[in-house]
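The structure under discussion appears below in the form of structure tokens.
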């Protein structure tokens, strides 16, 4: 991306985001996180403190704290001579994160299927009803639905430590998966996989639920790695 394009994009965001009396650290974190997940900020983009202080009408202190929190989430990193930049995951990073996520998702699905809390199971069925609709999905709709589905599985699994570990891994993985790779076909396949996981959970088949969750994440990992490798290829 050339400097003029970056400047136009920063100016566009500043017109929308600058609040009348300054932003809180939480607000800054939320907006920058949204920018990364929506790919308004892409891997390698710089986060310039002076631009952010103007955008959010704050001093450098809140901006630096927001950047520190985003770095802790794995969304940004500090590069030599460049300052804060949106983190660029390597294919190995993605593989390693997904190796952990395979186990987390499989365990969550297994525990959810084994839940004996009938009220919680009923809530789960209500919360995931959207995955059984055939309405065409935009990317933003799919990402919201995807997050809601996996959150519902974790709630039914009812393991606070598992949910905490999963939350720490969610954002970098979404960042690796979104973008041009999320075609209509890819999203439709993912929805079908969600339905298979949900069916096994509802039927109480813990083994099938865990296997379906693992297969879903294995495909997502392959997709994410392929996209990252394509991004890394030199362009003429």
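The values are calculated or read from the model by the stated rules, or taken from the named source; none is laboratory data. Small disclaimer: the values here were computed from a predicted structure and weren't measured. Glycine gets a Cβ as well: all are built from the backbone with ideal geometry, and neighbour counts include every protein chain shown.
Going through (1) over 30 Å from residue 203 (Cβ atoms); (2) surrounded by 17 or more Cβ atoms within 10 Å (Cβ to Cβ) one by one, residue 101 falls short only on (1).
Listed here are the residues, each with its yes/no results for (1) touching a helix residue (DSSP H, G or I) at 6+ places or on another chain (Cβ under 8 Å); (2) not assigned by TED's automatic domain parsing to the domain that holds residue 217.
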{"residue": "49", "(1), (2)": "yes, yes"}
{"residue": "53", "(1), (2)": "yes, yes"}
{"residue": "57", "(1), (2)": "no, yes"}
{"residue": "60", "(1), (2)": "yes, yes"}
{"residue": "63", "(1), (2)": "yes, yes"}
{"residue": "69", "(1), (2)": "yes, yes"}
{"residue": "72", "(1), (2)": "no, yes"}
{"residue": "82", "(1), (2)": "no, yes"}
{"residue": "95", "(1), (2)": "yes, no"}
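Across segment 197-213, the number of residues qualifying as surrounded by fewer than 18 Cβ atoms within 10 Å (Cβ to Cβ) and under 13 Å from residue 105 (Cβ atoms) comes to 1.
One residue is enough: does segment 113-120 have a residue meeting the conditions surrounded by fewer than 18 Cβ atoms within 10 Å (Cβ to Cβ) and touching a residue at least 60 places away in the same chain (Cβ under 8 Å)? For segment 113-120, residues surrounded by fewer than 18 Cβ atoms within 10 Å (Cβ to Cβ) and touching a residue at least 60 places away in the same chain (Cβ under 8 Å): present. Just the residues that are in a helix (DSSP H, G or I), crowded, with 19+ Cβ neighbours inside 10 Å and modelled with pLDDT of 90 or more, please, taken from segment 62-98. Passing the criteria: 62, 63, 66, 67, 70. Of the residues making up segment 199-210, at least one is at positive phi, touching a helix residue (DSSP H, G or I) at 6+ places or on another chain (Cβ under 7 Å) and at pLDDT 85 or above. Within segment 99-117, the presence of at least one residue that is in contact with a helix residue (DSSP H, G or I) (Cβ under 9 Å, 6 or more places away or on another chain), in a loop (DSSP other than H, G, I, E, B) and either farther than 27 Å from residue 36 by Cα or outside the structural domain of residue 220 (by TED's automatic domain parsing) (or both) is confirmed. Annotation: of all residues in segment 30-61 being part of a loop (DSSP other than H, G, I, E, B) and modelled with pLDDT of 90 or more, the one that is surrounded by the fewest Cβ atoms within 10 Å (Cβ to Cβ) is 59. Being assigned to a loop (DSSP other than H, G, I, E, B), out of contact with any helix residue (DSSP H, G or I) (no Cβ under 7 Å at 6 or more places or on another chain) and at pLDDT 85 or above, is that true of even one residue in segment 161-181? No, every residue in segment 161-181 fails to be assigned to a loop (DSSP other than H, G, I, E, B), out of contact with any helix residue (DSSP H, G or I) (no Cβ under 7 Å at 6 or more places or on another chain) and at pLDDT 85 or above.
Please work out if residue 143 is assigned to a helix (DSSP H, G or I) and within 15 Å of the chain's Cα centre (by Cα). In short, yes.
Just to be sure before I move on: is residue 187 within 16 Å of the chain's Cα centre (by Cα), farther than 27 Å from residue 71 by Cα, in a helix (DSSP H, G or I) and at pLDDT below 95 in the structure I sent? It is true that residue 187 is within 16 Å of the chain's Cα centre (by Cα), farther than 27 Å from residue 71 by Cα, in a helix (DSSP H, G or I) and at pLDDT below 95.
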